[in-house]
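Following: one structure in structure tokens, then a few remarks.
The values are calculated or read from the model by the stated rules, or taken from the named source; none is laboratory data. What you see is a predicted model, and the numbers here were worked out from it, not measured in a lab. For neighbour counting, all protein chains shown are included, and Cβ atoms are generated from backbone atoms with ideal geometry for every residue, glycine included.
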Amino acid sequence: MSTLRVHVFEDDYDDFDVDLDELQLTKAQRAELRRIGRDQQVVIAPAEQKIHELSRELRKVVDEINADEGQVGRLIDQISAEEAKVRKARITAMTRTRKVLNEAQRRKLDR
């Protein structure tokens, strides 16, 4: 069985697996879905890495006795910007995926 992990929103409870065999995808659809997934990862992987780096830096700054509130705010803004990139990439990938599928396939995806 071949599955596709669909992650649309930030919360894990919105994740779901799709049985690609059940969707009966054509070779062209499979190729397009792989391309969409690769395009998504090009954005998500570096953004998630940056989120982890900035979060570690934020923890260090916040742990200081005389934490610089301006620096805290800037780090939070930078983390939020990276999180927005991830969210946008996921939702864009889902939107593109839905365009690749026919009506019957979309119904199976939406259940």
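Some points to look at:
- Scope the stretch 20-41; condition among the hydrophobic types (A, V, I, L, M, F, W, C) and surrounded by fewer than 15 Cβ atoms within 10 Å (Cβ to Cβ); matching residues: 28, 31
- A single member of 15, 19 is at negative phi, touching a Phe, Trp or Tyr at 6+ places or on another chain (Cβ under 9 Å) and either at pLDDT below 90 or among the polar types (S, T, N, Q) (or both), and it is 15.
- The C-beta contact set for the stretch 79-92 (first residue closer than 9 Å to residue 44 by Cα, second residue surrounded by 14 or more Cβ atoms within 10 Å (Cβ to Cβ) and polar (S, T, N, Q), distance under 9 angstrom, 6+ apart or interchain) comprises 89/40; 90/40.
- Condition met for residue 67 (small (Gly, Ala, Ser), part of a helix (DSSP H, G or I) and out of contact with any Ser or Thr (no Cβ under 6 Å at 6 or more places or on another chain)): no
- Unmet criterion (only one of (1) in a helix (DSSP H, G or I); (2) more than 28 Å from residue 91 (Cα to Cα)) for residue 49: (2)
- Taken over the stretch 57-103, the criterion of being of a type outside the set (Val, Ile, Thr), surrounded by 12 or more Cβ atoms within 10 Å (Cβ to Cβ) and closer than 30 Å to residue 24 by Cα is satisfied by 87, 88, 89, 90, 93, 94, 96, 98, 101, 102.
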